[in-house]
1. Filter segment 143-174 down to residues that are in a loop (DSSP other than H, G, I, E, B) and farther than 19 Å from residue 98 by Cβ and give me whichever is modelled with the lowest pLDDT.
2. May I ask you to say which residue of 87, 140 is part of a helix (DSSP H, G or I) and farther than 30 Å from residue 24 by Cβ?
3. List the number of the failed condition for residue 73; all other conditions in (1) under 18 Å from residue 126 (Cα atoms); (2) touching a helix residue (DSSP H, G or I) at 6+ places or on another chain (Cβ under 8 Å); (3) at pLDDT 95 or above hold.
4. Which pairs do you get when a residue that is farther than 14 Å from residue 66 by Cβ, found in segment 136-150, comes within reach of a residue that is assigned to a helix (DSSP H, G or I) and modelled with pLDDT of 95 or more, reach meaning Cβ atoms under 6 angstrom, with the pair 6+ apart or on two chains?
5. Among the residues in segment 84-98, are any surrounded by 17 or more Cβ atoms within 10 Å (Cβ to Cβ), free of Cβ contacts under 8 Å to residues at least 40 places away in the same chain and within 17 Å of the chain's Cα centre (by Cα)?
6. Mind listing whichever residues of segment 110-125 are under 20 Å from residue 73 (Cα atoms), surrounded by fewer than 24 Cβ atoms within 10 Å (Cβ to Cβ) and either out of contact with any helix residue (DSSP H, G or I) (no Cβ under 9 Å at 6 or more places or on another chain) or modelled with pLDDT of 95 or more (or both)?
7. I'm told residue 106 meets every condition in (1) in contact with a helix residue (DSSP H, G or I) (Cβ under 7 Å, 6 or more places away or on another chain); (2) surrounded by fewer than 17 Cβ atoms within 10 Å (Cβ to Cβ); (3) more than 25 Å from residue 170 (Cβ to Cβ) except one. Can you identify the failing condition by its number?
8. Which condition number in (1) more than 21 Å from residue 34 (Cα to Cα); (2) buried (at least 20 other Cβ atoms within 10 Å of the Cβ) is the one that residue 65 fails?
C-alpha cells in the first residue's frame, strides 16, 4: 500500500476542476510563485520530456507521454495554452498539468513527447516558441483531457513570425 502511494496508484482523474494555483515553491535555489495570469503571453523556448510516463504530475494525474500536455512553473493547474513554433508558425493547444521546466535559460514550457510531435519539434529537442494562455471551447478541452489533439489552429503569417523572432532575439540579448 505504501509503495502504491509513492510510485503508482491513487492518481487524480483527468479533470479541469478544481483548478489549483498552489503555494510558492523552491527548486535548485529558485523560488517560483504560482499565480493566475489571464494575460500570460511569453516568448522563449520549449523542450520536451517523455521518459517519465506513468509518474504523477504536479496536479496528481498520471503522466502519459503521448498525450498533448505540458509543464509550466507558475500557471494554475490545469491551464490551457496555445504554443506556437516560431520556426514554422504552427500552433497547438496544450493542457498544462505539471510543473517545470527548472533548467535552461529562456525555457518557458516543457512539452510531453506527444505535444512535441504535434508541434513538430520532437527531433529538435527544443525550439523557440510563443506560449499564451487561452480559454478554448469545451470540445477542444474534452479532446485534450482524453489525450487527443485539439482542432488545428491557424498558422501565423511570416510577418507576424518575423516580428516575434525579433522580439525574442532582443529579449535574449538582455
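The values are calculated or read from the model by the stated rules, or taken from the named source; none is laboratory data. Nothing here was measured: the structure is a model prediction, and the numbers come from that model. Cβ sites come from the backbone with ideal geometry, for glycine too, and all protein chains shown count toward neighbours.
1. For segment 143-174, the residue satisfying everything is 174.
2. Sole residue among the options that is part of a helix (DSSP H, G or I) and farther than 30 Å from residue 24 by Cβ: 140.
3. So the condition that residue 73 fails would be (2).
4. 150/140; 150/143; 150/144
5. yes
6. First, pick out the residues of segment 110-125 that are under 20 Å from residue 73 (Cα atoms): 110-116, 125.
Narrowing further to those that are surrounded by fewer than 24 Cβ atoms within 10 Å (Cβ to Cβ): 113-114, 125.
Hits for segment 110-125 are 113, 114.
7. Only one criterion in (1) in contact with a helix residue (DSSP H, G or I) (Cβ under 7 Å, 6 or more places away or on another chain); (2) surrounded by fewer than 17 Cβ atoms within 10 Å (Cβ to Cβ); (3) more than 25 Å from residue 170 (Cβ to Cβ) is unmet by residue 106, namely (3).
8. For residue 65, the failing item is (2).
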